[in-house]
Amino acid sequence: MKILVLGVDGYIGWTLALRLLSHGHEVIGADNYITRKRVNEVGSSSALPLMSFGRRNQVLKEKTGSNITMYRGDVSNSEFMDRIIKEEKPDAIVHLAEQRSAPYSMIGLKQAKETMVKNIVSTLNLVYSMKEHIPGSHLLKLGTMGEYGTPNIDIPEGFFEVEYKGRKDYLPFPKNAGSWYHWTKVHDSNNLMFANKVWGLNVTDVMQGVVYGTRTREIEETSLYTRFDIDEVWGTALNRFCAQAVANLPITPYGKGGQTRGFLSLEDSVSCLSLALENPPEKGEYRVFNQFDEHYSVLELAEMVKSVYEEEFGKPADIKHVPNPRVEKEEHYYNPEHEKLKKLGYRRARELREEAVIILNDLAKHRKKILRYKDVITPRTFWSKSKSL
Ligand code: USQ
């Protein structure tokens, strides 16, 4: 298949491209490298060495004989989006080119607007371009488990049967996101459902949990590393906890730490996305996958990292509950379904503890670099105090 990966320079985009190439697909990529810039702006950097895209693509060619055809640009620019789709006419498109940080979207109005506009407009550009040039291709769009929020009932995969005042219907499950970023994904999902309804576009909307990990099986050397963020804006829970342990900083569950989320490794994330691409939806179908392996509370993950670091590495690690910068429930029910990908053949690659050992080992080699960024690890973006201008 010819597959276009939008956001190919990102944490998941790069590793997915490596997996797709290894499966014999042709990969076209697009990116404007904005995440590199935004991470630098908060005084941070990838904790692992990160070569330029061009250099990584060159190494890829030398090692495997194939690489990515790259387009540099912003997919919220409709002319740019349209040009790639028209020139390449891919069989499938993976849309990962959205602003992906919840804290970033909560800094203030400027960041909230940027997140809203860029994310929603890029998806709109894409569906219009697909309708015009490749109406039969498959759009695999990255949404988030955070679209559902944390309701006090089980969460289905996208739709559920509901009975109200004696009548029944099969409806989208209500969404209740927790940041401006997460709401953009809800708005995207609504727009995709509508594009499917009016034009019959083939869509897989992936509700993905929090991803952790430093590598996938294609990454055996540092020159092919993907980015790995640890600061309070761009880093995510388990990755941050491992970096904190390695840097001898306290591991920071926010508040009580009972916040429960679906998690999955980077290896599993790219396996699931490849499976979804290689098993496309029916013609004219809009389908939703809940993509995570297991759910954990952040305190459970903090305790797991502490115990792995102490038992396997023989080093001490501390856990410190810090005031929660976010507005979210710290204790709640959480039970989302996640069967559809398993039915397609998804099995987790490794146990959580094994993956934590790999992450801690990789990070330990770059401890000095992590220590350079220790000041941006502590939370300072507060949901309820975001700036008005
Ligand atoms: N958390 C801590 N301590 C930390 C960092 C986070 O307790 O040092 C807690 C947060 O309060 C939250 C949970 O961990 O309850 C998850 O936060 P996160 O920063 O790991 O992830 P989140 O902001 O939810 O966003 C990340 C990705 C986003 C993706 C989402 C999937 O950045 O792109 O959509 O995970 S999900 O969380 O399922 O919505």
Can you name every residue in the stretch 156-200 that is touching a strand residue (DSSP E or B) at 6+ places or on another chain (Cβ under 7 Å), hydroxyl-bearing (Ser, Thr, Tyr) and farther than 19 Å from residue 127 by Cβ? 170
In the stretch 240-263, how many residues are assigned to a helix (DSSP H, G or I) and in contact with a helix residue (DSSP H, G or I) (Cβ under 6 Å, 6 or more places away or on another chain)? 5
From (1) in a loop (DSSP other than H, G, I, E, B); (2) in contact (Cβ under 8 Å) with a residue 12 or more places away in the chain, pick out the condition that doesn't hold for residue 359. (1)
Meets criteria (surrounded by fewer than 21 Cβ atoms within 10 Å (Cβ to Cβ), within 9 Å of the ligand (Cβ to nearest atom) and more than 21 Å from residue 216 (Cβ to Cβ)) for residue 311: no
Name the residues in the stretch 264-321 that are among the aromatic types (Phe, Trp, Tyr) and part of a strand (DSSP E or B), would you? 286, 289, 296
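To keep it simple, each residue is scored yes or no on (1) more than 16 Å from the ligand (Cβ to nearest atom); (2) assigned to a loop (DSSP other than H, G, I, E, B); (3) in contact (Cβ under 8 Å) with a residue 24 or more places away in the chain; (4) open to solvent by 20 Å² or more (accessible area, probe 1.4 Å).
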{"residue": "40", "(1), (2), (3), (4)": "yes, no, no, yes"}
{"residue": "49", "(1), (2), (3), (4)": "yes, yes, yes, yes"}
{"residue": "59", "(1), (2), (3), (4)": "yes, no, yes, no"}
{"residue": "70", "(1), (2), (3), (4)": "yes, no, yes, yes"}
{"residue": "83", "(1), (2), (3), (4)": "yes, no, no, yes"}
{"residue": "103", "(1), (2), (3), (4)": "no, no, yes, no"}
{"residue": "112", "(1), (2), (3), (4)": "no, no, yes, no"}
{"residue": "120", "(1), (2), (3), (4)": "no, no, yes, yes"}
{"residue": "126", "(1), (2), (3), (4)": "yes, no, yes, no"}
Do you know which residues across the stretch 203-224 are more than 10 Å from the ligand (Cβ to nearest atom) and either over 21 Å from the mean Cα position of the chain (by Cα) or open to solvent by 10 Å² or more (accessible area, probe 1.4 Å) (or both)? 215, 217, 218, 220, 221, 222, 223
Is it true that some residue in the stretch 145-152 is free of Cβ contacts under 8 Å to residues at least 12 places away in the same chain, outside any helix (DSSP H, G or I) and open to solvent by 70 Å² or more (accessible area, probe 1.4 Å)? no
For the stretch 279-300, which positions are surrounded by fewer than 18 Cβ atoms within 10 Å (Cβ to Cβ) and within 13 Å of the ligand (Cβ to nearest atom)? 294, 295, 300
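Can residue 276 be described as open to solvent by less than 20 Å² (accessible area, probe 1.4 Å), modelled with pLDDT of 95 or more, within 17 Å of the chain's Cα centre (by Cα) and not aromatic (Phe, Trp, Tyr)? Spell out the reasoning first.
On the way: open to solvent by less than 20 Å² (accessible area, probe 1.4 Å): yes; modelled with pLDDT of 95 or more: yes; within 17 Å of the chain's Cα centre (by Cα): yes; not aromatic (Phe, Trp, Tyr): yes.
In short, yes.
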When restricted to 271, 265, the only residue open to solvent by 10 Å² or more (accessible area, probe 1.4 Å), more than 12 Å from the ligand (Cβ to nearest atom), modelled with pLDDT of 95 or more and over 30 Å from residue 171 (Cβ atoms) is 271
Per the filter on the stretch 153-190, residues assigned to a loop (DSSP other than H, G, I, E, B), more than 11 Å from the ligand (Cβ to nearest atom) and among the hydrophobic types (A, V, I, L, M, F, W, C) are 153, 173
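The values are calculated or read from the model by the stated rules, or taken from the named source; none is laboratory data. This one's a predicted model, so the numbers in the text were calculated from it and none came from an experiment. Note that we place each Cβ from the backbone using ideal geometry, even for glycine, and neighbour counts take in every protein chain shown. Surface accessibility is based on the protein's heavy atoms, side chains included, excluding ligands, DNA and RNA. Shrake-Rupley method; radii C 1.70, N 1.55, O 1.52, S 1.80 Å.
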